[in-house]
Amino acid sequence: MSDPREPLRLSVDRDRCAGAGMCALTAPEVFDQDDEEGLVVLLHPAPAPVHRTAARMAVGLCPAGAIALNSPDSKDS
């Protein structure tokens with residue numbers, strides 16, 4: 001289980017997004033959809049602690065896998 005005090009970083013891949021809207025429905029404080037194509041818009045890449053549970057849920061619910069949860073200690077190789 002993750003420490004709620006650790007920063008949470010999110011990223012989205014709009015090319016992969018299917019526009020299902022699960023993210024915006026699950027965590028509207030963190031995600032939205034654009035008016036043109038209905039694709040994901042990331043409002044807060046580092047959501048406040050009060051919104052982290054919903055943001056994590058949205059990551060898991062995304063049918064296209066367009067939302068990534070980036071661990072603060074992960075390193076790009």
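All of the numbers you see were taken from the coordinates with simple rules; none came from a lab. Computed from a predicted model, the values in this text were never measured in an experiment. Don't worry about glycine lacking a Cβ; one is built from the backbone with ideal geometry, like all the others, and counts go over all protein chains shown.
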*asked:* Need the C-alpha centroid separation for region 25-49 versus region 6-24, integer Å.
replied: 7
*Provide the FRET efficiency to the nearest 0.05 for the Val50-Ala18 pair, computing r from the beta carbons and using R0 = 25 Å.*
0.35
*Name the residues whose placed amide hydrogens come within less than 5 Å of the amide hydrogen of Val41, ignoring near sequence neighbours (fewer than 5 apart) on the same chain.*
Asp32, Gln33, Asp34
